[in-house]
Amino acid sequence: IIGSPYTSETPKVGIIGDDVSGNRVTSSKFATLSAGAIASTIYNNKLYIVGTNIITIIPLTGAENKTQLAISDYPQDIAFYSLNKAYIPHGNSVAVKDPTDLTTALLADIDLPSGNGLSPDTGYSTNSSPSCVDVVNGLVFVGLSNLGSDYMPHGPGLLTVISPTSDTVEKVITLNYR
């Protein structure tokens with residue numbers, strides 16, 4: 001990624017590397033990002049860059065141009081269960097989206113634990129604040145930050161396990177803290 005939120009330069013992304021002969025190669029596919037990058041992943045020969053309310057998709061091969069998925073409420077990450085099913089933590093839920101469908105339609109929006117289900121510290125109210133997602137052994141794992149209104153953790157970190165068959169929370173694992 002070229003550019004920074006700390007400069008006036010608009011962030012851009014492109015591919016830079018060495019070819020088999022050791023010559024420096026720069027992609028002609030530089031794409032301007034409309035929002036600062038929060039996370040990124042490569043899946044099915046595409047680079048997915050998660051930014052504020054937008055996921056920019058940049059093909060790594062072929063002549064396709066970049067596309068974008070609109071996801072509301074500040075997406076934090078993206079993980080793929082299959083070619084047609086991705087999980088995107090945002091707000092206090094996880095959006096289930098077909099990444100090939102560029103409309104705003106969701107397959108599901110899974111509510112995450114809230115209130116006392118987050119085991120907040122005494123005297124505090126927290127939000128689940130999902131921060132990351134991964135698919136491992138056929139299950140979806142979402143890390144919850146358990147943040148208060150001051151954006152500080154006021155309870156244990158939690159790991160939510162989601163079944164991709166039913167798109168429901170199967171269990172919540174409390175992580176040791178403090």
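Taking label points 7 Å from Cα along the Cα-to-Cβ direction, T61 and N44 give a separation of 1.4 nm.
In sequence order, segment 120-137 has phi-based couplings of x, 4, 4, x, 10, 10, 10, 10, 4, 6, x, 10, 7, 8, 8, 10, 9, 6 Hz under the Karplus curve 6.51 cos²θ - 1.76 cosθ + 1.60, θ = phi - 60°, and Gly or Pro positions carry x. Based on the Kirkwood radius over alpha-carbon pairs, what is the Stokes-Einstein translational diffusion coefficient of segment 37-178 at 37 °C with 0.692 mPa s viscosity, in µm²/s? Using the Kirkwood radius from Cα pairs, D works out to 211 µm²/s.
Which value, to two decimals, describes the C-alpha radius of gyration of segment 90-161 once divided by 2.2 N^0.38 Å?
1.22
Put a dot 7 Å past the Cα of M152, heading toward its Cβ, do the same for V136, and the two dots end up 3.0 nm apart.
Work out the FRET efficiency for D98 and S125 from their Cβ-Cβ distance, taking R0 = 30 Å, and round it to the nearest 0.05. Rounded to the nearest 0.05, the efficiency is 0.30.
Quote the relative contact order of segment 31-152 in percent (integer), defining contacts as alpha-carbon pairs under 8 Å separated by 6+ residues.
Numbers: 269 pairs, mean separation 19.8, N = 122.
Relative contact order for segment 31-152 comes out at 16 percent.
Where a number appears in this text, it was derived from the coordinates with a stated rule and is not lab data. These numbers were taken from a predicted model, which means no experiment stands behind them. Quick reminder, even Gly has a Cβ in these numbers, built from the backbone with ideal geometry, and neighbours come from all protein chains shown.
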